[in-house]
Amino acid sequence: MVRKGDGTYDYSVYVKCRVPGAPAGQEAGVPLAGSMTDTLTRAAGPEPHLRYLLHSARVAAEEFGCRNHPVVPASPPAAG
């Protein structure tokens, strides 16, 4: 998701993750959410920002030990 903020773009990612010990159905919600503002890199387009954010989401999902094994892609889908 990309939204225009105060002159910058904000990127967000949401992961449906069922952590060990959580009640059944937790993955139906979105317990993992990440965001990034475009001032962290100097790239002109959204793809480099989203790749960094997706990488972070994959690492977080792995560290949390998501039992439902969510698939977090390495790069964003092509714009259509």
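For the stretch 46-72: of the residues being among the β-branched types (Val, Ile, Thr) and part of a loop (DSSP other than H, G, I, E, B), which is most open to solvent (accessible area, probe 1.4 Å)? Give the steps one after another, and end with the answer.
First pass over the stretch 46-72, keeping only residues among the β-branched types (Val, Ile, Thr): 59, 71-72.
Adding the requirement that they be part of a loop (DSSP other than H, G, I, E, B) leaves 71-72.
On the way: Val71: 135, Val72: 22 Å².
Out of the qualifying residues, it is Val71.
Inside the stretch 20-36, can you point out the residues that are touching a strand residue (DSSP E or B) at 6+ places or on another chain (Cβ under 9 Å) and either of a type in the set (A, V, I, L, M) or open to solvent by 80 Å² or more (accessible area, probe 1.4 Å) (or both)?
Within the stretch 20-36, Val30, Leu32, Ala33, Ser35, Met36 meet the criteria.
Restricting to the stretch 19-31, count the residues that are at pLDDT 85 or above and among the hydrophobic types (A, V, I, L, M, F, W, C).
Counting residues in the stretch 19-31 that are at pLDDT 85 or above and among the hydrophobic types (A, V, I, L, M, F, W, C) gives 1.
The values are calculated or read from the model by the stated rules, or taken from the named source; none is laboratory data. The shown structure was predicted, so the numbers you read here are calculated from the model rather than taken from an experiment. Note that each Cβ is placed from the backbone with ideal geometry, even for glycine, and that neighbours are counted across all protein chains shown. All accessible areas refer to the heavy atoms of the entire protein, side chains included, with ligands and DNA or RNA removed. Shrake-Rupley method; radii C 1.70, N 1.55, O 1.52, S 1.80 Å.
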